[in-house]
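Enquirer: Below is the structure I would like to discuss, written out as structure tokens.
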Amino acid sequence: MLNLQKTYTDDSKDYGLAANASVTQEGVALVSILEGGIEKVKPSEGTSNEILVGFSFGNNFVTDTLVESVSASLPAVSAKTTVQLLPYVVSNANPTTGTSVFISGSASTFAPVANAGAVSAAGNWFVDPTSGLLTIMGAASEDVVINYRRELTVNEQTILFGSPRVNAPANATLNQVTAKRGNGNIFTDQYDTSKDWSTATLAYTGADGKLTTTSTGGNAMRIISRPSAADKFIGVSINLA
């Protein structure tokens with residue numbers, strides 16, 4: 001999703017989608033690929049030397065995830081405790097590598113473990129993606145900030161964003177996507193929430209069309225606004241022909 005109150009570019013263009021590519025979210029980083037000698041686009045994959053074309057834009061997308069942030073104060077004695085997050089935290093079968101959660105603390109460096117029972121030392125945490133229950137252990141009275149991405153229910157999608165316009169399937173029918181490109185600023189929630197953005201100055205194209213802090217060569221974008229609890233969008237400056 002783009003924050004259209006802040007996003008501005010001086011150009012946009014419709015591109016054909018690469019074979020087997022699909023774009024389901026607004027604000028996704030789109031990269032170039034030549035098929036039959038013709039430029040098409042696909043969501044970035046975080047591979048080396050990708051060429052950024054622009055960011056997906058249009059009223060045909062239904063937002064299905066949101067970035068959330070919550071602050072918590074851990075117990076006065078260092079011990080395992082729980083924090084209730086909103087349910088349906090985006091994850092995969094291996095929570096230690098597939099989680100979309102990042103936790104910053106005032107005393108500990110946090111990293112996920114395989115299950116709630118493995119939370120046994122300061123810096124350990126595990127989140128049940130279905131219930132949103134976070135099991136965590138930190139230093140005594142430690143303050144933490146938990147950033148994560150969660151899936152929306154159909155009712156939440158409708159309540160928060162309404163329904164797309166009746167002509168919304170046009171781009172899908174034509175197998176194309178509109179890209180915001182040119183010179184300007186992009187504010188998107190399509191970034192890797194498992195990364196530490198607190199000191200980042202550059203953003204790069206990553207897996208699933210999301211921005212990341214890890215450089216894979218090229219596509220360095222200057223960060224003009226870091227995501228925070230007050231503003232969960234990341235702002236980057238672009239200059240794309």
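The values are calculated or read from the model by the stated rules, or taken from the named source; none is laboratory data. Keep in mind that what you see is a predicted model, and the values were worked out from it rather than measured. As a convention, Cβ positions derive from the backbone with ideal geometry for all residues, glycine included, and neighbour counts pool all protein chains shown.
Enquirer: Among the listed residues V77, V53, identify the single one that is among the hydrophobic types (A, V, I, L, M, F, W, C) and in contact with a strand residue (DSSP E or B) (Cβ under 7 Å, 6 or more places away or on another chain).
Expert: Testing whether each residue is among the hydrophobic types (A, V, I, L, M, F, W, C) and in contact with a strand residue (DSSP E or B) (Cβ under 7 Å, 6 or more places away or on another chain) leaves just V53.
Enquirer: I need every pair where a residue in the range 18-33 that is of a type in the set (S, T, Y) has its Cβ under 6 Å from the Cβ of a residue that is assigned to a loop (DSSP other than H, G, I, E, B), sequence separation at least 6 or different chains.
Expert: Every condition considered, the pairs that remain are S32/I51.
Enquirer: Taking the range 131-147 on its own, how many of its residues are among the aliphatic types (A, V, I, L, M) and within 25 Å of the chain's Cα centre (by Cα)?
Expert: Here the count works out to 6.
Enquirer: Another question, if that's okay. If a residue must be free of Cβ contacts under 8 Å to residues at least 12 places away in the same chain and of a type in the set (A, V, I, L, M), how many such residues does the range 75-102 contain?
Expert: 1
Enquirer: Quick check, is T63 assigned to a loop (DSSP other than H, G, I, E, B) and modelled with pLDDT of 90 or more?
Expert: For T63, the condition - assigned to a loop (DSSP other than H, G, I, E, B) and modelled with pLDDT of 90 or more - is not met.
Enquirer: Here is a follow-up. Do the conditions hold for P129, that is, is it surrounded by 14 or more Cβ atoms within 10 Å (Cβ to Cβ), in a loop (DSSP other than H, G, I, E, B) and touching a helix residue (DSSP H, G or I) at 6+ places or on another chain (Cβ under 8 Å)?
Expert: yes
Enquirer: What's the total number of residues in the range 79-97 that are surrounded by 14 or more Cβ atoms within 10 Å (Cβ to Cβ), modelled with pLDDT under 95 and of a type in the set (S, T, N, Q)?
Expert: Counting residues in the range 79-97 that are surrounded by 14 or more Cβ atoms within 10 Å (Cβ to Cβ), modelled with pLDDT under 95 and of a type in the set (S, T, N, Q) gives 1.
Enquirer: Give me the pairs, please: first residue somewhere in the range 60-74 and free of Cβ contacts under 8 Å to residues at least 60 places away in the same chain, second residue anywhere and buried (at least 18 other Cβ atoms within 10 Å of the Cβ), beta-carbon distance under 6 Å, and either six or more positions apart or on two chains.
Expert: The qualifying pairs do not exist here.
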